[in-house]
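Okay, structure first, notes after.
The values are calculated or read from the model by the stated rules, or taken from the named source; none is laboratory data. Values in this document were obtained by computation on a predicted structure and should not be read as measured data. In this analysis, Cβ positions are derived from the backbone assuming ideal geometry, glycine residues included, and neighbour counts consider all displayed protein chains. Note: accessible area is taken over every heavy atom of the protein model, side chains too, but ligands, DNA and RNA are not part of it. Shrake-Rupley method; radii C 1.70, N 1.55, O 1.52, S 1.80 Å.
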Amino acid sequence: MRRLLSLFNVVSVALLAAAAYAYQEVQRPPETPRAPALELAEKRGVQVKVYFTDPQVQSFKPETRAVQVTQENPGAVAQAALNAWANGPTASGALAVVPKGTPAPRVWLRGGHYYVNLPAAYQGLKYGTSGERMLLCTLTRTLLETRGQDVTFLVNGQNADTLGHLDLREPYTRQDCADS
């Protein structure tokens, strides 16, 4: 009669058990990853100059504001400035350029060029030529106050030829909005 506990049989049973354990581990579904803990960055106040209009929509009314940013990079400061612009002026004698509750445009910076995505609601403001010019120029002057060469406007994420009566095919510069 043959021996049941031969060296070959013991090694074979051990390898079979190891293979069964490895197969079981491979077939187990992966653990669901946990979301990283939210780390709130400290906000710092930055001074920016934001432009509004006078009640006659004839001239610019600058207002210096302290905006809160978590990163003091030009893109974050520009977005904070446009958020303050959309909220309207705090001083008397200045008029908000967009109605209260209108969303702020999104802004990106590439090199010295700003790209501003105006929400679709801006197409329906029906301001007329002077009001539309004031809208675009207050944005342009706010963004180009400290840096940048020009501002290209998009509407609802797309290139647009016009915003009401004004041409958007070319970027706006400081010189386009120098008067008033």
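Brief remarks follow.
- Values of log10 I(q)/I(0), in the order q = 0.16, 0.20 Å⁻¹, for the stretch 22-114 under a Debye, Cα-only, solvent-free model: -0.77, -1.03
- Measuring nothing but how far apart in sequence close Cα pairs (under 8 Å, 6+ apart) lie, relative to its length, the stretch 1-121 scores a relative contact order of 17 percent.
- At most 16 other Cβ within 10 Å, DSSP loop - chymotrypsin sites (Phe, Trp or Tyr not before Pro), the stretch 82-180: none
- The calculated 222 nm mean residue ellipticity attributable to helices in the chain amounts to -9500 deg cm²/dmol, summing -39500 (n - 2.57) over DSSP H runs of n ≥ 4 and dividing by all residues.
- Accessible area per residue, Å², the stretch 1-112 with all protein chains present, probe 1.4 Å: 76 Å²
- Free of any GluC sites (Glu not before Pro) that DSSP assigns to a loop and that have at most 12 other C-beta atoms within 10 Å, the longest stretch within the chain is 73-180.
- Set of aspartates and glutamates near K49 by C-alpha distance (under 20 Å), chain-local residues within fewer than 8 positions excluded: E63, E72, E145, D150, D176, D179
- Among A41, A81, A104, the residue with the largest mean-square fluctuation in a Gaussian network model of the chain, with springs joining Cα atoms closer than 10 Å, is A41.
- Under-5 Å amide H pairs with F52, H placed in peptide plane, nonlocal only: K61, E63
- Here the accessible area of the stretch 29-88 is 51 percent carbon and sulfur, with a 1.4 angstrom probe and all protein chains present.
- Note on the chain: with a GNM built from Cα contacts shorter than 10 Å, the maximum mean-square fluctuation among S59, S12, S130 falls on S12.
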